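The structure appears right after this line, and notes come after that.
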Amino acid sequence: MITQSQTREAVAELLTITIGRQIGVAEAVERDSEPSWDSLKHVELIFMLEDRFGIRFSEEEMAELHSSEEIVHTIEEKRAA
């Protein structure tokens with residue numbers, strides 16, 4: 001089973017790849033404050049998250065994922081279900 005710490009590490013890694021700057025594991029990243037996190041990068045990130053964690057996000061969930069914390073929380077909920 002993947003721990004929350006491992007989930008945070010993976011989310012930070014995928015955000016680093018997607019938005020093109022180093023994201024720390026403990027860093028809270030907001031979509032509104034990252035100019036490179038545009039709609040195209042958001043879709044790219046969603047696909048990478050789905051592949052990495054073996055989950056699927058609904059359209060509503062995709063639209064609500066505005067921060068690294070929301071992403072981690074949603075992944076944890078899906079993995080617990």
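Residues of the chain were split at every exposed loop site, defined as trypsin sites (Lys or Arg not before Pro) in a DSSP loop with at most 16 other C-beta atoms within 10 angstrom, and the longest piece left, sites excluded, is 22-55. Summary of the geometry: region 1-46 and region 53-76, compared by the centres of their Cα atoms, lie 11 Å apart.
The label point for residue 30 and the one for residue 44, both projected 7 Å from the Cα toward the Cβ, are 2.4 nm apart. Loop-located GluC sites (Glu not before Pro) in region 1-79 (DSSP state other than H, G, I, E, B) with a sparse environment of at most 16 neighbouring Cβ atoms within 10 Å: 27. How would the chain be classified by its alpha-carbon gyration tensor: rounded, prolate or oblate, with rounded meaning a/c under 1.5 and the a/b versus b/c comparison settling the rest? Judged from the Cα gyration tensor, the chain comes out oblate (a/c at least 1.5, b/c at or above a/b). Please find the FRET efficiency linking residue 79 to residue 59, where r is the Cβ-Cβ separation and R0 is fixed at 22 Å, and quote it to the nearest 0.05. Step by step, r from the Cβ atoms, then E = 0.65. Evaluating kT/(6 pi eta Rh) at 4 °C and 1.567 mPa s, with the Kirkwood radius of region 3-50 over Cα pairs in the Stokes-Einstein relation, gives 119 µm² s⁻¹.
Amide H contacts under 5 Å for residue 67: 31, restricted to partners 5 or more places along the chain or on a different chain, H placed in the peptide plane at 1.01 Å from N.
Rule-based calculations on the coordinates, nothing more; no lab input. Values in this document were obtained by computation on a predicted structure and should not be read as measured data. With ideal geometry, Cβ positions are generated from the backbone for all residues, glycine too; neighbour counts draw on all protein chains shown.
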